[in-house]
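What follows is a single structure, written as structure tokens, with notes after it.
Where a number appears in this text, it was derived from the coordinates with a stated rule and is not lab data. Note that the structure is predicted; figures quoted are calculated from it, not measured. Here the Cβ positions follow ideal geometry from the backbone for every residue, glycine too, while neighbour counts run over all protein chains shown.
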């Protein structure tokens with residue numbers, strides 16, 4: 001296992017220890033998997049009513065706050081008090097996490113970033129650009145350091161639909177027109193769904 005410098009900075013910032021697991025060995029991190037199972041079993045055994053991601057995030061936040069009023073399984077103290085104590089130890093400002101990479105504009109006026117093509121309207125062919133990549137956006141700079149733009153991923157075409165009284169999610173594939181239906185109880189396997197939900201949860205918290 002290789003731990004990157006960025007992860008070491010992240011670990012140092014928030015003061016936690018790292019315990020590596022073997023590949024494809026979920027049983028070695030049973031505590032984490034159990035937390036996922038707890039949320040799934042207690043909140044998603046029936047389909048929640050969902051208007052949009054902001055409403056779903058608010059609902060999840062309210063449920064989690066209510067759930068803090070139970071004693072910790074090992075320490076016997078209400079979880080909300082343990083959470084308040086933990087928050088006092090956290091840094092006031094988040095650690096900025098990003099990577100920097102360079103890309104060359106091709107003859108079509110595009111650059112390739114993480115396997116995806118992006119049209120650069122202002123650039124010239126074979127012009128080198130520098131990109132600061134964060135988890136939810138990237139910032140484009142010229143080689144001279146001038147900031148051109150900030151781009152956030154376009155929202156995915158995810159819409160709640162109803163089938164036989166059950167809440168599903170319709171995901172049109174924006175590249176080839178195919179549609180995919182995801183049943184939350186059968187597993188959430190849409191990365192765009194997780195991304196939007198995480199963004200909504202951040203706003204709610």
Volume per residue that the Cα convex hull of the range 99-151 spans, once the total is divided by residue count, Å³: 72 Å³
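Which of 18, 58 comes first, and how do the rest follow, when ranked by fewest Cβ neighbours within 10 Å?
Going from sparsest to densest Cβ surroundings: 18, 58.
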Taking 64, 50 and counting other C-beta atoms within 10 Å, the order from fewest to most: 50, 64
Gain on full stretching of the segment that runs from residue 122 to residue 72 - 0.36 nm per residue minus C-alpha separation: 12.4 nm
